[in-house]
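Presented below is the structure to which this report refers.
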Amino acid sequence: MKIIIIGAGIVGLATARCLVNDGHDVTVIDRNAGPGLSSSYANGAQLSYSYVAPLADPSVWRQLPGLLVDRDSPVRFRAGFDPFQYRWLLQFLAACTERQANETIDRLGELAQLSRKVLHNSPDLMAAQFNWTASGKLVVYSSEKSFASARRYADRQVASGTDKRALGRDECLVLEPALASIGDRLVGGIFAPDDETADALLMCREMERLMAESGNPPQFLYNTEVSRFIKRGRTIDGLQTGHGRLSADMYILAAGVGSRPLGRQVGLDLPIYPIKGYSLSVPVAREAAAPRVSVTDAARKIVLARLGDTLRLAGAADIVGDGLDIDFRRTGKLIADARADFPDAADWQSAKLWAGLRPATPTGQPIVGPTRVDNLMVNVGHGALGFTLALGTAQRLADQIAGR
C-alpha cells in the first residue's frame, strides 16, 4: 500500500519504520528541513517506561491556585483569547480524578512496555548511535509526605509487575554519588532500573538512515508543508503542498501540535493543546559531579539526563499558547536551580536553551488509529511521553493497518 505520513518527529519516523518493515511504499513529509526538528529536538531525553503518570492527576486541584497566579509554578497558565484553550482546560480538570488517572496510567504503562520491547527486539536500532544508556531512573524527594505517597504508587505498580524500588537517603547517594550536593534535603527516592536515556534527535536521524539503507527505502520530503487536504466524500484524494499535489492510498497524521489544525480541515476535532516546556543542554565539567543515573527532582519538577559528555536538563509546563519564544525567567530559574544543586557538574555559562511544544490531550492518553475519514489514521497527542511511547504507538498503528 502507498502511505503518506505527515510528520518526521520521533512518532512519525517510528511509524514509518514499522510500515516500511511491513513492506509498504512510504513517503514521509515534514515542513522542517530535516527529521526531529520540532518537539523531538531537545526534549528531556528520558525513556520513562516506569513513570507514566499523566499531568491530569487529583493533586492538580490543590495546586490550582499556584497554577493560576505563581509565576514560578512548574505548571503555569496564562489566559489568552483562544476558546479552545478554555475548553481544553475544562476537559483537563474533569480528567483530574483518581479513576481517570489510574486508567491512563494503565494504558500508558502498556504502551511504554511495548515501546521498550520493540526497541530491545530491534538489533538495528540497538546498534545505532543515539547516546542510548540503560541508566535507570531515580526520582528523588525532599519531603516525607511526597515520598510516602510515591511509595504507595510504586507499590501499586510493583503489584502489576513493574520493577520499582524505594531507596532511603543513603541508598540514593550510593546509587548516584553526584546527589551528595543535595544530600542535606533528600529523604529518599524511587528507582526504576529498567528506564533508559537517549537523544531523541539522534534517534530520529538514525531511524531515517536505517530506513534509507533498507531494501524498501521510503521517500523523505522535507521543507514541504501541507496546505490542505483534497477530500472526496469520506476519503482523502490527495494533499496540496508547497511542492505540488501528493497522493496515496492511506494518510497518517503524526504532526504533533500541527495535527489539530490539519485535522480540522477534514472535520476532526483533535483535543491537542501545545504545552510548552524548556530544556538546557550543557557540557559536563566534572565527571564525578554530574549524574550518570537519570534523575527527576520531584520538588523542583525537573529532569536530568546524561547524553555522553552533555547534561540535558528539562522542566516547566506552560499552558500559554503555541509561541516558541523562550521565557528567560523560566530558563533562568532552571539554570539557577541546577547551579544550586549541582554547581560543579557542568559549564552552566554555556547552556544551550530550547523551547518545545508537547502535543497534549486532556487525559494524557495519545490518540492512535482510524478516524471518521476512511483513509486517514492518526498517531497524535503523546504529551510529554512522545519519546517513551513512540515505538509502541507506531507498532499499534502498524498492527491495525495489517489486521494483526
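The values are calculated or read from the model by the stated rules, or taken from the named source; none is laboratory data. These figures come from a predicted structure and were not determined experimentally. We place every Cβ from the backbone using ideal geometry, glycine too, and count neighbours over all the protein chains shown. Accessible surface is based on the protein model in full, side chains and every heavy atom, while ligands, DNA and RNA are left aside. Shrake-Rupley method; radii C 1.70, N 1.55, O 1.52, S 1.80 Å.
Could you tell me whether any residue of region 166-179 is open to solvent by less than 50 Å² (accessible area, probe 1.4 Å), out of contact with any helix residue (DSSP H, G or I) (no Cβ under 7 Å at 6 or more places or on another chain) and either part of a loop (DSSP other than H, G, I, E, B) or modelled with pLDDT of 95 or more (or both)? Yes - at least one qualifying residue is present in region 166-179.
Are there any pairs, at least 6 apart or on different chains, whose C-beta atoms fall under 6 Å, with the first in region 352-370 and without any contact (Cβ under 8 Å) to a residue 40 or more places away in the chain and over 11 Å from residue 273 (Cα atoms) and the second assigned to a strand (DSSP E or B) and of a type in the set (A, V, I, L, M, F, W, C), and if so, which? From region 352-370, the pairs are 370/377.
Of the residues that make up region 143-163, is at least one more than 25 Å from residue 102 (Cα to Cα) and not small (Gly, Ala, Ser)?
To start, the set of residues in region 143-163 that are more than 25 Å from residue 102 (Cα to Cα) comprises none.
No, region 143-163 contains no residue that is more than 25 Å from residue 102 (Cα to Cα) and not small (Gly, Ala, Ser).
Scanning region 187-220 for residues that are closer than 19 Å to residue 303 by Cβ and open to solvent by less than 10 Å² (accessible area, probe 1.4 Å) yields 188, 189, 190, 192, 195, 196, 197, 198, 200, 203. In region 182-195, the residues that are free of Cβ contacts under 8 Å to residues at least 24 places away in the same chain and closer than 23 Å to residue 340 by Cβ form Cβ pairs under 9 Å with partners that are buried (at least 21 other Cβ atoms within 10 Å of the Cβ) and among the hydrophobic types (A, V, I, L, M, F, W, C), at six or more places apart or across chains, as follows: 183/172.
Tally up the residues in region 5-48 that are part of a helix (DSSP H, G or I) and open to solvent by 30 Å² or more (accessible area, probe 1.4 Å), please. Spell out how you get there, then give the answer.
The initial filter retains those residues of region 5-48 that are part of a helix (DSSP H, G or I), namely 10-21.
This time we only want the ones that are open to solvent by 30 Å² or more (accessible area, probe 1.4 Å), so: 21.
Qualifying residue count, region 5-48: 1.
Output the number of residues of region 313-334 satisfying the condition of being of a type outside the set (A, V, I, L, M, F, W, C) and part of a loop (DSSP other than H, G, I, E, B). Break it down stepwise before answering.
First, pick out the residues of region 313-334 that are of a type outside the set (A, V, I, L, M, F, W, C): 315, 318, 321-323, 325, 327, 329-333.
Next cut, part of a loop (DSSP other than H, G, I, E, B) only: 321-323, 325, 327.
Counting residues in region 313-334 that are of a type outside the set (A, V, I, L, M, F, W, C) and part of a loop (DSSP other than H, G, I, E, B) gives 5.
Quick check: is even one residue across region 140-149 among the hydrophobic types (A, V, I, L, M, F, W, C), farther than 30 Å from residue 23 by Cα, open to solvent by 20 Å² or more (accessible area, probe 1.4 Å) and outside any strand (DSSP E or B)? Checked region 140-149: at least one residue is among the hydrophobic types (A, V, I, L, M, F, W, C), farther than 30 Å from residue 23 by Cα, open to solvent by 20 Å² or more (accessible area, probe 1.4 Å) and outside any strand (DSSP E or B).
Could you pull out the residue among 338, 346, 351 that is hydrophobic (A, V, I, L, M, F, W, C), open to solvent by less than 20 Å² (accessible area, probe 1.4 Å) and out of contact with any Pro (no Cβ under 7 Å at 6 or more places or on another chain)? Full working, then the answer.
Numbers: 346 fails: out of contact with any Pro (no Cβ under 7 Å at 6 or more places or on another chain); 351 fails: open to solvent by less than 20 Å² (accessible area, probe 1.4 Å).
Checking each option against the conditions leaves just 338.
Note on region 49-87: residues that are assigned to a loop (DSSP other than H, G, I, E, B), without any contact (Cβ under 8 Å) to a residue 12 or more places away in the chain and either β-branched (Val, Ile, Thr) or open to solvent by 50 Å² or more (accessible area, probe 1.4 Å) (or both) amount to 3.
Taking region 88-101 as the range and being within 21 Å of residue 146 (Cα to Cα), open to solvent by less than 20 Å² (accessible area, probe 1.4 Å) and in a loop (DSSP other than H, G, I, E, B) as the test, only 96 passes. Selection of region 114-137 for residues being crowded, with 17+ Cβ neighbours inside 10 Å and among the basic types (Lys, Arg) yields 116, 137.
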